[in-house]
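This report refers to the structure that appears directly beneath it.
The values are calculated or read from the model by the stated rules, or taken from the named source; none is laboratory data. Note that this is a predicted model, so its numbers are computed, not measured. Because the Cβ atoms are built from the backbone with ideal geometry, glycine has one as well, and the counts that use them run over all protein chains shown.
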Amino acid sequence: MVEVRVNGLFMTQSQASGIILKEQNGNRALPIVIGEYEAQSIALALENLKPPRPITHDLTANMMEILGISMDQVIITDLKDNTYYAIIKLTFAGQQYEIDSRPSDAIALALRLGTPIYVEDMVMEEASYIPEEDEVDAHKKSYIYRSKEDELEQLREQLKKAVEKEEYEKAAKIRDQIKRLESGS
């Protein structure tokens, strides 16, 4: 298995949302198209933003913590007909369990609980790619580029308020503006 981390979110030309997983000790990246709701949930976790009331992934993580269920790892296990499959490995009352999951839901939970994410070797070999140098540079710039810091700070405040008011579509648009400014495009 290959350990990965969330390297970012993306939009396809047909306006579908996606996530990019990057291997921890290598150059390969694995893009996975996911639902809009899951993309928003992952974005909230990546930005460490907490809505005033828990959304589904927050609620699930809270219940797991209260009940003493530990989420040991997420594994993206297979790719069939352009659909990814995943399992969540849990421990509860000394018993280990494997729960079938969509990768997006498993990743949204993993980000909240600090759980490692893995991809089976055959899935990485079949579906990953090595980003071109300019794509790697673009990702680096999106985290480093700060020439419009005042505007970014204002957008971050708007994003926080939108999340507090549970205006998730507005929050997603603001998040996208922040990403564009950070990447310099």
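Some observations on this one:
- Condition met for residue 98 (in a helix (DSSP H, G or I), free of Cβ contacts under 8 Å to residues at least 12 places away in the same chain and over 20 Å from residue 166 (Cβ atoms)): no
- Tabulated pairs, region 71-82, first under 15 Å from residue 3 (Cβ atoms), second in a strand (DSSP E or B) and basic (Lys, Arg), C-beta under 6 angstrom, 6+ apart or interchain: 72/89; 73/89
Per-residue answers, yes or no, for (1) touching an Asp or Glu at 6+ places or on another chain (Cβ under 8 Å); (2) under 22 Å from residue 35 (Cα atoms); (3) buried (at least 19 other Cβ atoms within 10 Å of the Cβ):
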site	(1), (2), (3)
57	yes, yes, yes
60	no, yes, no
68	no, no, no
71	no, no, yes
82	no, yes, no
93	no, no, no
99	no, yes, no
106	no, yes, yes
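- The residues of region 41-60 that are over 10 Å from the mean Cα position of the chain (by Cα) and assigned to a helix (DSSP H, G or I), listed by number, are 56, 57, 58, 59, 60.
- Scan of region 40-66 for residues that are over 20 Å from residue 6 (Cα atoms) and touching a strand residue (DSSP E or B) at 6+ places or on another chain (Cβ under 7 Å), ordered by number: 64
- Answer residue from region 26-40, given it is among the hydrophobic types (A, V, I, L, M, F, W, C) and outside any helix (DSSP H, G or I) and is surrounded by the fewest Cβ atoms within 10 Å (Cβ to Cβ) among those: 33
- Evaluation of residue 10 against the conditions (1) in contact (Cβ under 8 Å) with a residue 24 or more places away in the chain; (2) surrounded by 14 or more Cβ atoms within 10 Å (Cβ to Cβ) shows that the sole unmet condition is (1).
- Total residues in region 61-91, condition of a type outside the set (Gly, Ala, Ser) and either assigned by TED's automatic domain parsing to the domain that holds residue 158 or assigned to a strand (DSSP E or B) (or both): 18
- Within region 109-129, not a single residue is of a type in the set (S, T, N, Q), closer than 19 Å to residue 8 by Cα and without any contact (Cβ under 8 Å) to a residue 40 or more places away in the chain.
- Residues of region 120-158 satisfying the condition of being at pLDDT 90 or above and part of a helix (DSSP H, G or I): 121, 122, 123, 124, 125, 126, 127
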